[in-house]
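All remarks here apply to the structure that follows.
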There are 2 protein chains.
Amino acid sequence: MDDAAVINNVVFKSDSYAVKPIFFPGGDIGRLSVSGTVNDISMLGAEPYALACGFILEEGLALADLERILGSMRETCHEAGVSIVTGDTKVVEKGTLGGCLISMSGIGRGTVALDENLRVVGGFRSNFKPRWILDGNLAAGDRIILSGTIGDHGLAVLSAQQGLTFGSGIRSDVRPLNRLVQRMLKDVGGVVAMKDPTRGGLADALNEFSEKSHVGILIDEDKVPIKEDVRIACEMLGLDPFEVGNEGKMIIGVVKERGDELLKFLKATEEGTDAEIIGSVVADVKGVAMQTVVGGRRIIPRPVGDPVPRIC
Amino acid sequence: MDDAAVINNVVFKSDSYAVKPIFFPGGDIGRLSVSGTVNDISMLGAEPYALACGFILEEGLALADLERILGSMRETCHEAGVSIVTGDTKVVEKGTLGGCLISMSGIGRGTVALDENLRVVGGFRSNFKPRWILDGNLAAGDRIILSGTIGDHGLAVLSAQQGLTFGSGIRSDVRPLNRLVQRMLKDVGGVVAMKDPTRGGLADALNEFSEKSHVGILIDEDKVPIKEDVRIACEMLGLDPFEVGNEGKMIIGVVKERGDELLKFLKATEEGTDAEIIGSVVADVKGVAMQTVVGGRRIIPRPVGDPVPRIC
């Protein structure tokens, strides 16, 4: 029940992508499908190496649009260093899909780098899972790092759905994170849990961490990176940026001895410029709580339903 | 470019299922999605062991229908001896999908049984692929076996689409074939190529065999098993049963020394009662030809388009 399943040492993941519209500021359904599947496999500390792609095309989809999507998939595969090895295409009557759906599945393998990493970290903790990075690995003291700003993807898709212009041009953060993950595990280590906060956003991902690890998590509101225009747009629309989905960010649980080093490493990367240590695993909190800027603590509940439909 | 891809010794396959209606005589989209993916992996001689399932649900789908589909998937998984290990669900607006789509991917492994089988057969042929049964393996002299009647699935779905009643109750043949394949490889051997004639039917599958193996195939019209009511329905509707899709049949290329033994084996199974040796790989035919019952030969071309839309 993590982001992907592990069977016979193969990490296996499948997702359907129904984003609407299929082109949005900063990306499209092709880039999204490759990145989403690659990222879910990466979150277990595994290296994705092959994808299988199923297209559901609506009658009437322009050939130029399909070609643009295929080009975007090719480019994203190249960026991630993975290949699409098999797939199929079905055609359905014109309806409400918005052009096409993509189902993408992927397989990955555990990496030697990860084994080495876990050996390095093993000294800090006794009950370590030997091979995969799992949501249930967190323990008191661990630092929680967010790799960048939240809300960008959901707001970008929403703006395209509603024909809204927020002025400053909010763009999706959709991107594959697998190369960054591998570098991070090799060069720094100490990572005990990872999750990409997609549907349900940061709030959902933190609650999953908390539930699966049976720990409390305390977040510092002041530290959570949100772009100013995203914050303003969320306020205008009555959305909680903590609940809006992202497609190019990850939440990392890291042993406290490595927290600062990992943050420094991330900040030096293109994908992690805005990374912050946003909180830690603490003994005196049940579930997920936030230390607010005005003082006091507020519970962050698991979101009920999607604030923005069809963003992925 | 076979029915599934082989990467790092993992057989990997993905398919989307858009059958409409989602319930049809003899099956439903749940049974179809599990069987279709299991069968494609089996056709390489591999043993499927895990599936990943993506649901696209249309708003308004009755919960009872979803539960019925899930029950059917569970039953079919049990029948095939495979597990669904991961998946996701997306919801889209009510449109023309007919309730839901399922994308199913699966992974499998080469089996020792297959290795043993290939060793047995190795004596007959020099250029043998060591591990997977591929469409390109056929050579002159091989027998072509069809495991049962054709056209049942396509006609069953068509009857449900059009509200036709053909009187005698044509039912889909949809079923998982993996256990039969494994028994066949272990108990008889000699199999060099396998294919399930789904979209495009027997005509398409035979043409793929011919193209990939660079051989000619001659079929004996008289030997191709077709149920009488399917034959009559096809005549009434102007459909060629050779081009109608099946979901529980396979075409098997077998070395001639094992042809009769394999036929006898198949006829003794529940799934293969109607099996026949329908032809062989010959030197004096280009592509696929049929010896007709009235005498003379006719070319079987690759079908252009689907005679019946959305049957899988």
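Here are a few things to note about the model shown:
- Where labels lie 7 Å past Cα in the beta-carbon direction, separation of B:Val304 and A:Asp65 in nm: 2.7 nm
- Here the alpha carbons of region B:5-109 define both size measures, Rg and Dmax, at 13.7, 42 Å.
- Calculated log₁₀ intensity ratio I(q)/I(0) where the Debye formula runs over C-alpha points of the protein assembly as shown, q = 0.05, 0.06, 0.09 Å⁻¹: -0.25, -0.36, -0.76
- Heavy-atom accessible surface that B and A bury in contact, both chains counted, 1.4 Å, Å² to 100: 3100 Å²
- Among B:Cys234, B:Asn207, B:Gly154 the positive-end extreme of the charge dipole of chain B (Cβ point charges): B:Asn207
- Residues of region B:298-312 whose accessible area, computed with a 1.4 Å probe over protein heavy atoms, drops by at least 30 Å² once all protein chains are present relative to their chain alone are B:Arg310.
- Of all DSSP-defined beta bridges confined to region A:168-311, some 75% are antiparallel rather than parallel.
- Within region A:5-109: Cβ-based charge dipole about Cα centre, in debye rounded to nearest 20 (Lys, Arg +1; Asp, Glu -1): 160 debye
- Projecting the Cα atoms of B:Pro309, B:Gln291, B:Ile69 onto the charge dipole of chain B (Cβ charges, centred on the Cα centre) puts B:Gln291 farthest toward the positive pole.
- Here region B:112-299 is treated with +1 on each Lys and Arg Cβ and -1 on each Asp and Glu Cβ, and its dipole about the Cα centre works out to around 540 debye.
- Rolling a 1.4 angstrom probe over the protein heavy atoms with all chains in place gives region B:5-109 an accessible area of 30 Å² per residue.
- 18 Å cut-off, amide nitrogen to a point 7 angstrom out along A:Glu235 Cα→Cβ, residues in region A:148-190: A:150-152, A:155, A:165-170
- Relative contact order, percent, chain A [alpha-carbon distance under 8 Å, six or more residues apart]: 24 percent
- Highest GNM mean-square fluctuation among A:Phe242, A:Phe209, A:Phe265, for chain A modelled with Cα contacts below 10 Å: A:Phe265.
- Sorted largest first by accessible area at a 1.4 angstrom probe radius, with every protein chain in place, the residues B:Asp284, B:Asp240 fall in the order B:Asp284, B:Asp240.
- Rounded to whole Hz, the Karplus (6.51, -1.76, 1.60) HN-Hα couplings of region A:181-198, x for glycine and proline: 4, 4, 5, 4, 5, 6, 7, 10, x, x, 6, 10, 8, 9, 7, 9, x, 8
- Contour excess over end-to-end distance, with Cα ends at B:Thr269 and B:Asp284 and 0.36 nm allotted per residue: 2.0 nm
- Förster-model FRET efficiency, 30 Å R0, A:Leu164 and B:Lys94, C-beta, rounded to 0.05: 0.75
- Placing unit charges on the Cβ atoms only, positive for Lys and Arg and negative for Asp and Glu, gives the protein assembly as shown a dipole magnitude near 1040 debye about its Cα centre.
- Backbone amide hydrogens, once placed in the peptide plane, bring B:Gly200 within less than 5 Å of B:Gly245, excluding anything fewer than 5 places away on its chain.
- Among beta bridges from DSSP that stay inside chain B, the antiparallel ones total about 75%.
- Taking every residue in B:46-54 and counting other chain Cβ atoms within 10 Å of its Cβ, the average works out to 4.
- Working note: Karplus 6.51/-1.76/1.60 with θ = phi - 60° gives region B:59-68 the couplings 3, x, 4, 5, 4, 4, 5, 4, 5, 5 Hz, where Gly and Pro are set to x.
- DSSP-assigned coil residues among GluC sites (Glu not before Pro) in region A:255-312, each with at most 11 further Cβ atoms within 10 Å: A:Glu270
- On region B:5-109, 52 percent of the accessible area sits on carbon and sulfur atoms, based on a 1.4 Å probe.
- For B:Val174, the residues 5 or more places off, or on other chains, whose built amide H falls under 5 Å of its own are B:Glu247.
- Cβ-Cβ FRET estimate between B:Glu228 and B:Arg179, R0 fixed at 25 Å, reported to 0.05: 0.30
- For region B:249-312, the per residue solvent-accessible surface stands at 50 Å², with DNA, RNA and ligands left out and a 1.4 Å probe.
- Taking every DSSP bridge with both residues inside the protein assembly as shown, close to 75 percent are antiparallel.
- Shown in residue order for region A:139-153 are the 3J(HN,Hα) couplings computed by the Karplus curve 6.51 cos²θ - 1.76 cosθ + 1.60 at θ = phi - 60°: 9, 3, x, 4, 8, 10, 10, 10, 7, x, 5, 10, x, 4, 5 Hz (x for Gly and Pro).
- Within the protein assembly as shown, helix-based [θ] at 222 nm, where runs of 4 or more DSSP H residues each add -39,500 (n - 2.57), nearest 500: -9500 deg cm²/dmol
- Volume per residue for chain A equals 129 cubic angstrom (convex hull of Cα atoms).
The values are calculated or read from the model by the stated rules, or taken from the named source; none is laboratory data. None of the values given here were measured: they were computed from a predicted structure. Cβ sites come from the backbone with ideal geometry, for glycine too, and all protein chains shown count toward neighbours. Accessible surface is based on the protein model in full, side chains and every heavy atom, while ligands, DNA and RNA are left aside. Shrake-Rupley method; radii C 1.70, N 1.55, O 1.52, S 1.80 Å.
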